[in-house]
Amino acid sequence: MTEKQWIIEDFEAGDLALSSGETLFSAQLHYHLIGELNAPKDNLILLPTYYGGAAAGNHPWVGADSPLDPDQYCIVIPSLLGAGESSSPSNTFGAQGGHRFPRVSLFDNVQLQKRLVDEVFGGARLALVMGWSMGGMQALQWGSLFPDQVGAVLATCCTARCHPHNRVFLEGVKAALTCDRDFQDGHYRTPPVRGLRAFARVYAGWAYSQAFFRHEHWRGVGFESIEHLLQCWEQDHLTQDANNLLTVLDTWQQGNLADNPVFAGNYGEALSAITMPACLMPSATDLYFTEEDARGDARNMPGAQVQTLQTDWGHIAGGAGREAASHRQILSAAAALLARRER
């Protein structure tokens, strides 16, 4: 691979009509770009971001030792609305800043990404849309909404909607954050530190599996103890904005492949629209995006296969570069999907 650098850009979308009926004023989509679009405009790869993650979090999927090679592909990582890089409570001022930020859906995110692809990349065909967790939910939305534009879909540790137990898990972490009296219903002037710390500690117990802690896998990634792991989670969440976390959490909770004007709530029809080659990769030990739910979704996708990540790492296994064996398996699946496209 020749030396290429990530380019950081912002797509100015103007006023964006949202599925809630509200309008997001002066909407901005932040994205990272590496590689060049070819003349046929068919080598674009999209890597939507995950909950709590910045665009750089997907960089480990890209490189010379990966099928996502910038010498062959133009690779774009669009950041979720509400997560702090694209338009979000923390970077929006005036009537829509902070707790007044409008409700945003996965459909809204994908519609904005569609505008980016059409207006900046000339309506390019997507060789692959690939994501982890909420990134995978967006990838599935792309495949369902725009099957003629998407060559393949790879979705790790996710489902096509937020299933009931998943919603309950999210209610728990939300309560841990919002019960801090300093949160003040989102009107805080200084960060609700106790709430953010509590959010992080509750979340950590769900993100990994029981086996991860039972077998002390945390030692292999540099933690001296479980308490050290929890403290690192706390420090990470103290760098995040509480209203951002809650905005994207709401996007996640209401996530449903069929909740849009195209499918009008018909979940089976939305799943069956994913006719291109698709691979769902649940983790066998994921506590909230379960393998059972992922397999249930895949059964209704004509082009889908399921490859389970046999790992103790729980939900975390699906992330870019998080756990070595799962990372290799995910990139192998990406290579297979891209190879099918090139035949």
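The values are calculated or read from the model by the stated rules, or taken from the named source; none is laboratory data. Everything quoted here is computed from the prediction, not taken from an experiment. Positions of Cβ are generated from backbone atoms using ideal geometry, with glycine treated the same way; all protein chains shown enter the neighbour counts.
Please find, among 337, 309, the residue that is in the same structural domain as residue 41 (by TED's automatic domain parsing), touching a residue at least 60 places away in the same chain (Cβ under 8 Å), closer than 19 Å to residue 150 by Cβ and not hydroxyl-bearing (Ser, Thr, Tyr).
None of the others qualify; the one that does is 337.
Among (1) over 19 Å from the mean Cα position of the chain (by Cα); (2) within 19 Å of residue 333 (Cα to Cα); (3) part of a strand (DSSP E or B); (4) among the hydrophobic types (A, V, I, L, M, F, W, C), which single condition is residue 16 missing?
(2)
Just name the residue that is surrounded by the fewest Cβ atoms within 10 Å (Cβ to Cβ) out of those in segment 288-314 that are of a type in the set (Asp, Glu) and farther than 19 Å from residue 327 by Cα.
The qualifying residue surrounded by the fewest Cβ atoms within 10 Å (Cβ to Cβ) is 292.
State all residues of segment 21-52 that are under 16 Å from residue 134 (Cβ atoms) and surrounded by fewer than 23 Cβ atoms within 10 Å (Cβ to Cβ); if no residue qualifies, say none.
The answer is 51, 52.
For segment 297-306, what are the residues that are closer than 18 Å to residue 137 by Cβ and assigned to a loop (DSSP other than H, G, I, E, B)?
299, 300, 301, 303, listed by residue number.
Under 9 Å by Cβ, and 6 or more places apart or on different chains, what pairs join a residue from segment 195-206 that is within 23 Å of residue 313 (Cβ to Cβ) and without any contact (Cβ under 8 Å) to a residue 24 or more places away in the chain with one that is outside any helix (DSSP H, G or I) and not small (Gly, Ala, Ser)?
Correct list of pairs: 205/287.
Look through segment 241-286, keep the residues that are touching a Gly at 6+ places or on another chain (Cβ under 6 Å) and within 16 Å of residue 146 (Cα to Cα), and return whichever of them is surrounded by the fewest Cβ atoms within 10 Å (Cβ to Cβ).
For segment 241-286, the residue satisfying everything is 275.
Scanning segment 153-175 for residues that are touching a Cys at 6+ places or on another chain (Cβ under 8 Å) and assigned by TED's automatic domain parsing to the domain that holds residue 274, which turns out surrounded by the most Cβ atoms within 10 Å (Cβ to Cβ)?
155
Tell me which of these residue 333 doesn't satisfy, since it passes every other one: (1) of a type in the set (A, V, I, L, M, F, W, C); (2) surrounded by 23 or more Cβ atoms within 10 Å (Cβ to Cβ); (3) in contact with a strand residue (DSSP E or B) (Cβ under 6 Å, 6 or more places away or on another chain); (4) over 16 Å from residue 137 (Cβ atoms).
Every listed condition holds for residue 333 apart from (2).
Under the condition of being small (Gly, Ala, Ser) and assigned to a strand (DSSP E or B), which residue from segment 97-134 is surrounded by the most Cβ atoms within 10 Å (Cβ to Cβ)?
131
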